[in-house]
Amino acid sequence: MNTFGTLFRITTFGESHGPGIGVVIDGCPAGLAVEDAQIQAALDRRRPGQSDLTTPRAEADRVEVQSGIFRGQTTGTPISLYIRNQDQHSHDYSHIEHAYRPSHADYTYDQKYGRRDFRGGGRSSARETAARVAAGAVAQQLLNQHNIKVNSYVSQVGAVAVPVGYEGLDLSLVDSNLVRCPHPETAERMAALIRQTRDRHDTVGGLVTGVVQGLPAGLGEPVFDKLHAELGRAMLGINAVKGFEYGSGFAGTLLFGSEHNDAFYTDEATGQVRTRTNHSGGIQGGISNGQDVYFRVAFKPVATILQPQATINDQGEAVTLAGRGRHDPCVLPRAVPIVDAMTSLVLADMLLRARANKV
């Protein structure tokens, strides 16, 4: 499916080397103030060619608002956002017209559809995520009305990891360096590793941590559409993602229940219900409990490497293939705005669904 969401719903379209990519947002309430500049700012964070740590493909990624917004406000009708492709080098992919790149979607697309657009991966390319980022920027402006803040940052590249949790970081520093890591010393080590990896014609993966603050209690559905399940679905739908965990995650399995349980108390200063720990990651029973929601998303090393690799072609014959063209040695810095966007889309949808839960 190319559609995501229940009430706040998006449908993306377009291919990496086609005329452009875009998204239609349906279900966004009328009267929401939307600034084109905020959509563009989000796209600028994701666009290629930002630095020597990313692919040099030079796309301006200028958003065109084609419908659904009039005089700076949503009209309640479908919002159409379009981004033109301007720097395609389709000839860079002629060598894979009949060959299957290792760990890419070439073979599986052939099996599913009986054909594929080999130019940059077509629909399977991460280029498609620009449309999600544009839609996520609209969703974030809805969240802003409820004082909900979404922040993501690179917390690990290869074996280089931030030594403290998000509580010990100044998240306003995320965009202060090329890696988008708010821990300056670690960011320098991450950047050095990415450059070393690029110079070896290889790639490296890592982790992005997402944090949601100001989320009210009561968002999420109790059975199939649990908040963490929807966040996991959103993250696992991002290119190159291999895993998702929230709260204590897999590390929580090392604790006893007496250590892991989050005890409730009433904050005397505010009268709000709080928990003394947050191993639950702000979610219990699939529903937000008012504490910070935090999670980690694992990204694999980018599959395209500029080294010879053994593979086969569509006739089953053994061939040797080396990547060509312009590719990210590490997807993590550009993945941060994508994680932000998908988080915002899930939360915007949950906010609208919550309106129907009680009088």
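At-a-glance table
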| read-out | value |
| --- | --- |
| Folded to 0 to 90 degrees: helix 227-236 orientation relative to the chain principal axis, Cα | 10 degrees |
| Lys/Arg +1, Asp/Glu -1 at C-beta; the chain dipole; positive extreme among P163, G205, A234 | A234 |
| Length-normalised contact order of the chain in % [C-alpha pairs under 8 Å, at least 6 apart] | 22 percent |
| Under 21 Å from the Cα of K300 - lysines, other chains or at least 8 residues apart | K242 |
| Per residue accessible area of the chain, 1.4 Å probe, in Å² | 47 Å² |
| Unit charges on C-beta of K, R, D, E only; dipole of the chain, Debye | 400 debye |
| Protein accessible area in the chain, 1.4 Å probe - carbon and sulfur % | 52 percent |
| Given the chain, longest segment not containing exposed loop GluC sites (Glu not before Pro) (DSSP; at most 13 other Cβ within 10 Å) | 98-267 |
| Spatial separation of Cα centroids for segment 156-191 and segment 1-56, in angstrom | 26 Å |
| Per-residue [θ]222 nm for the chain (sum of -39500 (n - 2.57) over DSSP H runs n ≥ 4, rounded to 500) | -7500 deg cm²/dmol |
| Cα long-axis angle, helix 129-144 against the chain (0 to 90 degrees, to the nearest 10) | 10 degrees |
| Only Lys, Arg (+1) and Asp, Glu (-1) charged, at Cβ; segment 98-224 dipole about Cα centre in debye | 580 debye |
| Cα-based Rg and Dmax for the chain, where Dmax is the largest Cα-Cα distance (Å) | 21.0, 71 |
| Between segment 297-359 and segment 219-265, the alpha-carbon center distance in angstrom | 20 Å |
| Computed label-point distance, nm, for sites A318 and Q38 using a 7 Å Cα→Cβ extension | 5.7 nm |
| Principal-axis tilt of helix 36-46 within the chain, Cα atoms, nearest 10 degrees | 60 degrees |
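The values are calculated or read from the model by the stated rules, or taken from the named source; none is laboratory data. Keep in mind it's a predicted model, so treat the numbers as computed, not measured. Glycine gets a Cβ as well: all are built from the backbone with ideal geometry, and neighbour counts include every protein chain shown. With ligands, DNA and RNA removed, areas are computed over all heavy atoms of the protein, side chains included. Shrake-Rupley method; radii C 1.70, N 1.55, O 1.52, S 1.80 Å.
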